[in-house]
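J.: Got a structure here, written out as structure tokens. Questions coming.
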Amino acid sequence: QVQLVESGGGLVSTGGSLTLSCEASVSAFETYGMAWYRQVSGHQRELVAFIRSDGSMTYGDFVKGRFTMSRDNAKNTATLKMDNLQPEDTAVYYCRASRHIATWWGPGTQVTVSS
């Protein structure tokens, strides 16, 4: 069973920055794809960033260079650094781990950007 714990959410002003972290309780963390999704109440969950086991990455179109995802395989951690945050970035951010056809989700962390 994979357990994911997110941290780093909170309240920030427009233009500010936050860094989210996701720690995974797994062995062979380097074999997992790791992703961040976000969800606004009443809307579908959308991909923010995905980093594969080979280090290649995909970002959501709305990111536009503002966010950077990374992973530290020695610490079983995936990180999302978010800069120039806007009110429309307000959402619950979820960490997801995947390997083969299996996926696991963290409980989510709230990010609120005040205007």
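The values are calculated or read from the model by the stated rules, or taken from the named source; none is laboratory data. Values in this document were obtained by computation on a predicted structure and should not be read as measured data. Every residue, glycine as well, gets a Cβ built from its backbone with ideal geometry; the counts of neighbours run over all protein chains shown. For the accessible areas, the whole protein counts, side chains as well, though only heavy atoms, and no ligand, DNA or RNA atoms are used. Shrake-Rupley method; radii C 1.70, N 1.55, O 1.52, S 1.80 Å.
J.: Give me the pairs, please: first residue somewhere in segment 80-91 and under 7 Å from GLY15 (Cα atoms), second residue anywhere and among the aliphatic types (A, V, I, L, M), beta-carbon distance under 7 Å, and either six or more positions apart or on two chains.
T.: LEU85/VAL12; LEU85/LEU18; LEU85/VAL113; GLN86/VAL113
J.: Return a yes/no flag: does segment 46-64 have any residue that is part of a loop (DSSP other than H, G, I, E, B), closer than 19 Å to ASN84 by Cα and modelled with pLDDT of 95 or more. Break it down into steps so the answer makes sense when it comes.
T.: Just the residues of segment 46-64 that are part of a loop (DSSP other than H, G, I, E, B), to begin with: 52-56, 60, 64.
After this cut, where a residue has to be closer than 19 Å to ASN84 by Cα as well, the list is 60, 64.
If we keep only those that are modelled with pLDDT of 95 or more too, we end up with 60.
Taking every residue of segment 46-64 in turn, at least one turns out to be part of a loop (DSSP other than H, G, I, E, B), closer than 19 Å to ASN84 by Cα and modelled with pLDDT of 95 or more.
J.: Please state which one of THR90, THR79 is open to solvent by 30 Å² or more (accessible area, probe 1.4 Å) and within 19 Å of SER115 (Cα to Cα). Steps first, answer last, please.
T.: Values: THR79 fails: within 19 Å of SER115 (Cα to Cα).
On inspection, the qualifying residue turns out to be THR90.
J.: Could you grab the pairs with beta carbons closer than 9 Å, sequence gap of 6+ or different chains, first residue in segment 1-20 and among the β-branched types (Val, Ile, Thr), second one open to solvent by 20 Å² or more (accessible area, probe 1.4 Å) and modelled with pLDDT under 95?
T.: Cβ pairs passing all conditions: VAL2/VAL26; THR14/SER115.
J.: Return the residues of segment 21-51 that are more than 20 Å from ALA74 (Cα to Cα), touching a residue at least 40 places away in the same chain (Cβ under 8 Å), hydrophobic (A, V, I, L, M, F, W, C) and in contact with a Leu (Cβ under 9 Å, 6 or more places away or on another chain); say none if nothing qualifies.
T.: Within segment 21-51, just VAL48 meets the criteria.
J.: Could you please find all residues in segment 1-42 being among the β-branched types (Val, Ile, Thr), closer than 13 Å to ARG96 by Cα and modelled with pLDDT of 95 or more?
T.: Across segment 1-42, the qualifying residue is only VAL5.
J.: Let me ask something else. Just the residues that are crowded, with 17+ Cβ neighbours inside 10 Å and among the charged types (D, E, K, R), please, taken from segment 1-58.
T.: Answer for segment 1-58, where residues must be crowded, with 17+ Cβ neighbours inside 10 Å and among the charged types (D, E, K, R): GLU6, GLU23, ARG38.
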